[in-house]
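First comes the structure, then the notes that go with it.
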Amino acid sequence: ALVAIGSVPMFPMMLIYLFWKACRSKPEERWRRWRHFMALLAVYLFLMFIPTVPRPWLMGSAFFRWWLEYFSIGLVYQGARPLPDRQYIYLFMPHGLYPFSGACASIASMRDIFPRMRIAAAWVSFRIPVIRQLMGWINTIPVDPSSIRKALKGGDSIGLFPGGVAEMVRTDSNQEKLLLRSRKGFVRLAIEHGVPIVPVYVFGQSVLWSQLPMPSLVERLSRWLQASIILPYGRFGLLVPQKKSLLYAIGAPIEPGDNINTTHDAVISAVQTLYDTYKGLYGWENRALQID
């Protein structure tokens, strides 16, 4: 986790540092400094663009089984039994500072809970070294309509974080916040392909990291860049996620009707009910959920 999350700021910071050192170095050291900078830049670009392929054997390895054990993954079905084996659009909530719940749902034994599911992620994630490789190994797709439609037509289930980047920067340590009322694209896709929608609330996802306060302008800038601008910290003040349990509350499938607004309202109501039903099980009886 530290390597994956740390790769987001680590490479750019190291590049900036080496560039600064090269510019300020003495003439006799300048060529050596520039070689260090160019070598790291070459590694960065290589990791940014090298093709990645799914590696299911690796995702089932002992390392990723330990990853699930670190978070003490729990699971509960609203209908008290596993979902029928068919195609779904899963809505993972909340997004949190990093969407670790989606990654965890794609590895080791969790693949049996969410079979044939492909997580959809922002395009910028596919250009971040290490993160890019991990997403390729779990068969992630870009979160754009054409990629999602292609996956649905191919029979895959899709995992979406409807709140996206805007919800990420709203993550609050004192309250659960979702950005859902204005998000209807997933409903259109569900109606178009006749695929049921399954809300999945992951308790604990929003408190794996904390972040330094940022002005409201940051949210608008993040949405414009399609990338989060946050200053997170976790266990021991590092980028390691807190050792907290994650409880996956899986709701009942919602069959898409003919009306977008009616189906969307049903999803919002189902999410609120799912949260209210299981927040006590996680020990969050007094933690409120705000759906914007």
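The values are calculated or read from the model by the stated rules, or taken from the named source; none is laboratory data. All values reported here derive from a predicted model rather than from experimental measurement. Every residue, glycine as well, gets a Cβ built from its backbone with ideal geometry; the counts of neighbours run over all protein chains shown. Surface areas here come from the heavy atoms of the whole protein model, side chains and all, with no ligands, DNA or RNA. Shrake-Rupley method; radii C 1.70, N 1.55, O 1.52, S 1.80 Å.
So, with a 1.4 angstrom probe, what is the percent of accessible area on the stretch 247-292 that is carbon and sulfur? Result for the stretch 247-292: 47 percent of the exposed heavy-atom area is carbon or sulfur. Can you tell me the orientation of helix 2-24 relative to the chain, as the angle in degrees between its alpha-carbon axis and the longest Cα principal axis, to the nearest 10? The answer is roughly 30 degrees. Here the chain is treated with +1 on each Lys and Arg Cβ and -1 on each Asp and Glu Cβ, and its dipole about the Cα centre works out to around 1180 debye.
With a 1.4 Å probe and every protein chain kept in, tell me what percent of the accessible surface of the stretch 1-133 is carbon plus sulfur. That share works out to 67 percent. For a test of the definition: using alpha carbon positions, the gyration tensor, and the 1.5 limit on a/c, classify the stretch 83-190 as rounded, prolate or oblate. Note, shape of the stretch 83-190 comes out rounded.
In plain terms, the chain from Asp265 to Asp292 could stretch by 8.5 nm, reckoned as 0.36 nm per residue minus the Cα-Cα distance. Taking a ≥ b ≥ c as the square roots of the eigenvalues of the Cα gyration tensor, the chain is classed as prolate, since a/c reaches at least 1.5 and a/b is larger than b/c.
The count of lysine pairs in the chain with alpha-carbon distances below 20 Å, taking only pairs 8 or more places apart or on different chains, stands at 6. May I ask for the angle, rounded to the nearest 10°, between helix 27-49 and the longest principal axis of the chain, with both axes built from Cα atoms and the value confined to 0 to 90°? Approximately 20 degrees, to the nearest ten.
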